[in-house]
Amino acid sequence: MADTLTITDNRTGRHYAIPIQDGTIRAMDLRQIKVTPDEFGMMTYDPAFTNTAACRSSITYIDGDKGVLMYRGYPIEQLAEHSDFLETAYLILLGELPKGPELDRWTNDITHHTMLHENIKKFLEGFRYDAHPMGMFLSAVGALSTFYPDAKNIFDVESRHLQRIRLVAKVPSIAAYAFRHTIGRPYVLPDNDLSFSGNFLNMLFKMTEPRYDPSPVLERALDVLFILHADHEQNCSTHAMRGIGSSHVDPYSALAGAAAALYGPLHGGANEAVLRMLTEIGSKANVPAFVTRVKAGEGRLMGFGHRVYKSYDPRAKIIKRIADLVFEVTGRNPLLDIALELERIALEDEYFISRKLYPNVDFYSGLIYQAMGFPVDMFPVLFAIPRTAGWMAQWEEMLQDPEQKIARPRQIYVGPAQRDYVPRDKRR
Ligand code: CMC
């Protein structure tokens, strides 16, 4: 009887011993619980999946109470200190840190797949000047599926590897072109002599100089931000990636859907919402009144709270440190004082303490992005670039998991019982 859960159905008096594995019971084991044999059987009801594991995963580990985040077992603090984004992406996608020549080969592969087909440029040109770059980004990623029909071979290991190289390599180019489009500047070709993040800065900000020379501080800061955003287990957009991918569609189409999920203000759009909130607050003096309004239910303190972290988000701690380095180069973002005051007041306030609401990754990242010269509507795009590695790793894991099938949640039907159609002239 060890490692089982005994359930007594008080409707029938029957007992059921349900196996427990990894502190979890299988929802399908509940189906045997019925009052009459012709009944469907017991289901669980879990809107928003707050207590349901939908997969077994070996990619990312989070302990939300202790504020721990690890990729493939490596603490995020160590990766942010010692690794770079491409090495971390390799780790997330392939399971181990690269050995010997593996990193050079991976870096070379990514560097040589950054170019976009000319028709993707034309596709981007079709957007209006004020199109949101995230809308452009997710549309262009979806459009890539028509350029790479070989990506439909999702059960071909080599094809899957090629698509992940293409996607990790091309998302910065799409993001940069979307940015240049909105400000009416010509698209800049990738520079293969620069690092992943250095080249991204080149494609964003190069003007007439023959060679773009990225600031090493900003290049490293961006790279660390990319490491911090590379994966975060089963969040809304990853769930979208797995859910769409479970229909066996190509990864570009699935990733376009994941990016759409990330676009929302409760997810990757939150850093954009934080900046708008700080701008609206306007000054340190207005912070107490703003907090009072939040506590009265008039809006949320954006960049605070998390479904999983019930302590300080470990990524927010690292970002706060990077902010100081970035501001030494760019000058201090004046909104920082408002953010620090908000954090100070919120962390001492019973409303936030009792609900375990702490700053999350988005609270300070936007301040850095803004200081680096990014407009706020680029923020979710900056999240989507590194998360592409995480989405592709989760997609790969989903495809290789023999227990996964097309995603299909159940529902509890609460609509009308059967009734007869009423002709239009007889309806009241
Ligand atoms: N400001 C004020 N109150 C809040 C906030 C907030 N940011 N977040 C949660 N609460 C309150 C909420 O009103 C509720 O109070 P009560 O119990 O009195 O009704 C309680 O805290 C629990 O909130 P919840 O909505 O049940 O929590 P959740 O786990 O469903 O939501 C969240 C998580 C991240 C959507 C939410 O905290 C939120 O909306 N935060 C602001 C948006 C944000 O910063 N999102 C970025 C998340 S991190 C990056 C990412 O994953 O993309």
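The values are calculated or read from the model by the stated rules, or taken from the named source; none is laboratory data. What you see is a predicted model, and the numbers here were worked out from it, not measured in a lab. Counting neighbours? That spans all protein chains shown, and the Cβs are built from the backbone with ideal geometry, glycine included. We work out accessible area using only protein heavy atoms, side chains counted, and drop any ligands, DNA or RNA first. Shrake-Rupley method; radii C 1.70, N 1.55, O 1.52, S 1.80 Å.
Given the criteria of a type outside the set (D, E, K, R) and in contact (Cβ under 8 Å) with a residue 60 or more places away in the chain, does Leu86 qualify?
It is true that Leu86 is of a type outside the set (D, E, K, R) and in contact (Cβ under 8 Å) with a residue 60 or more places away in the chain.
Checking the structure you have, find out if any residue of the stretch 230-251 is among the hydrophobic types (A, V, I, L, M, F, W, C), surrounded by 20 or more Cβ atoms within 10 Å (Cβ to Cβ) and in a loop (DSSP other than H, G, I, E, B).
Scanning the stretch 230-251 turns up at least one residue that is among the hydrophobic types (A, V, I, L, M, F, W, C), surrounded by 20 or more Cβ atoms within 10 Å (Cβ to Cβ) and in a loop (DSSP other than H, G, I, E, B).
List, please: which pairs have Cβ atoms under 6 Å, are six or more places apart or on different chains, and start with a residue in the stretch 289-311 that is under 11 Å from Phe352 (Cα atoms) and end with one that is within 9 Å of the ligand (Cβ to nearest atom) and part of a helix (DSSP H, G or I)?
Lys295/Tyr351; Leu301/Val294
Against the definition (open to solvent by less than 10 Å² (accessible area, probe 1.4 Å), in the same structural domain as Tyr252 (by TED's automatic domain parsing) and without any contact (Cβ under 8 Å) to a residue 24 or more places away in the chain), how does Leu91 come out, yes or no?
yes
Quick grid of which residues meet (1) at pLDDT 95 or above; (2) on the phi < 0 side of the Ramachandran plot; (3) within 16 Å of the ligand (Cβ to nearest atom):
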site: Thr36; (1), (2), (3): yes, yes, no
site: Ser58; (1), (2), (3): yes, yes, no
site: Asp65; (1), (2), (3): no, yes, yes
site: Asp84; (1), (2), (3): yes, yes, no
site: Gly100; (1), (2), (3): no, no, no
site: Asp104; (1), (2), (3): yes, yes, no
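Condition first: open to solvent by less than 40 Å² (accessible area, probe 1.4 Å), modelled with pLDDT of 95 or more, of a type in the set (Gly, Ala, Ser) and not in a helix (DSSP H, G or I). Can you find one or more residues in the stretch 380-389 that meet it?
Taking every residue of the stretch 380-389 in turn, none turns out to be open to solvent by less than 40 Å² (accessible area, probe 1.4 Å), modelled with pLDDT of 95 or more, of a type in the set (Gly, Ala, Ser) and not in a helix (DSSP H, G or I).
Among what's in the stretch 210-249 and is of a type in the set (Ser, Thr, Tyr) and farther than 23 Å from Met134 by Cβ, pick the residue that is nearest to the chain's Cα centre (by Cα).
Once the filter is applied, the top-ranked residue is Ser246.
Inside the stretch 236-251, can you point out the residues that are hydrophobic (A, V, I, L, M, F, W, C) and within 16 Å of the ligand (Cβ to nearest atom)?
If the condition is that a residue be hydrophobic (A, V, I, L, M, F, W, C) and within 16 Å of the ligand (Cβ to nearest atom), then Cys236, Ala240, Met241 are the ones that fit.
Can you go through Phe304, Phe290 and tell me which one is farther than 23 Å from Phe49 by Cβ, of a type in the set (Phe, Trp, Tyr) and assigned by TED's automatic domain parsing to the domain that holds Gly366?
Phe290
Listed residues Ala393, Ala417; which is of a type in the set (A, V, I, L, M) and in contact with an Asp or Glu (Cβ under 7 Å, 6 or more places away or on another chain)?
Every option except Ala393 fails the conditions.
For the stretch 376-428, give me each residue that is β-branched (Val, Ile, Thr) and under 30 Å from Ala176 (Cα atoms).
Val376, Val381, Ile385, Thr388
Looking at the stretch 390-405, which of its residues are in a helix (DSSP H, G or I) and either in contact (Cβ under 8 Å) with a residue 24 or more places away in the chain or among the charged types (D, E, K, R) (or both)?
Gly390, Trp391, Met392, Ala393, Gln394, Trp395, Glu396, Glu397, Met398, Leu399
Name, by its number, the condition in (1) away from the ligand (no atom under 14 Å from the Cβ); (2) in contact (Cβ under 8 Å) with a residue 24 or more places away in the chain; (3) open to solvent by 60 Å² or more (accessible area, probe 1.4 Å) that does not hold for Arg276.
Only one criterion is unmet by Arg276, namely (1).
Does Gly331 satisfy the criteria of being away from the ligand (no atom under 14 Å from the Cβ) and either charged (D, E, K, R) or surrounded by fewer than 17 Cβ atoms within 10 Å (Cβ to Cβ) (or both)?
Spelling it out, Gly331 is indeed away from the ligand (no atom under 14 Å from the Cβ) and either charged (D, E, K, R) or surrounded by fewer than 17 Cβ atoms within 10 Å (Cβ to Cβ) (or both).
From the list Ala261, Ala323, Ala289, Ala316, pick out the single residue that is assigned to a helix (DSSP H, G or I), open to solvent by less than 70 Å² (accessible area, probe 1.4 Å), within 11 Å of the ligand (Cβ to nearest atom) and farther than 23 Å from Tyr148 by Cβ.
When all the criteria are applied, what remains is Ala316.
Run down Asp150, Asp109 and say which single residue is in contact with a Ser or Thr (Cβ under 6 Å, 6 or more places away or on another chain), farther than 23 Å from Phe383 by Cβ and assigned by TED's automatic domain parsing to the domain that holds Phe379.
It is Asp150.
Condition first: of a type outside the set (Asp, Glu), open to solvent by less than 40 Å² (accessible area, probe 1.4 Å) and under 18 Å from Pro375 (Cβ atoms). Now tell me which residues in the stretch 264-273 satisfy that.
Gly268, Gly269, Ala270, Asn271, Ala273 - these are the residues of the stretch 264-273 that are of a type outside the set (Asp, Glu), open to solvent by less than 40 Å² (accessible area, probe 1.4 Å) and under 18 Å from Pro375 (Cβ atoms).
Quick check: is even one residue across the stretch 157-180 at pLDDT 95 or above, part of a loop (DSSP other than H, G, I, E, B) and in the same structural domain as Leu93 (by TED's automatic domain parsing)?
no
Quick check on the stretch 21-34: of everything there that is without any contact (Cβ under 8 Å) to a residue 24 or more places away in the chain and surrounded by 14 or more Cβ atoms within 10 Å (Cβ to Cβ), which residue is farthest from the ligand (Cβ to nearest atom)?
Going through the qualifying residues, I end up with Lys34.
Of all residues in the stretch 360-384, count the ones that are closer than 20 Å to Ser139 by Cβ and within 14 Å of the ligand (Cβ to nearest atom).
6
Hey, any hits in the stretch 360-376 for a residue that's surrounded by fewer than 20 Cβ atoms within 10 Å (Cβ to Cβ), at pLDDT below 95 and assigned to a helix (DSSP H, G or I)?
yes
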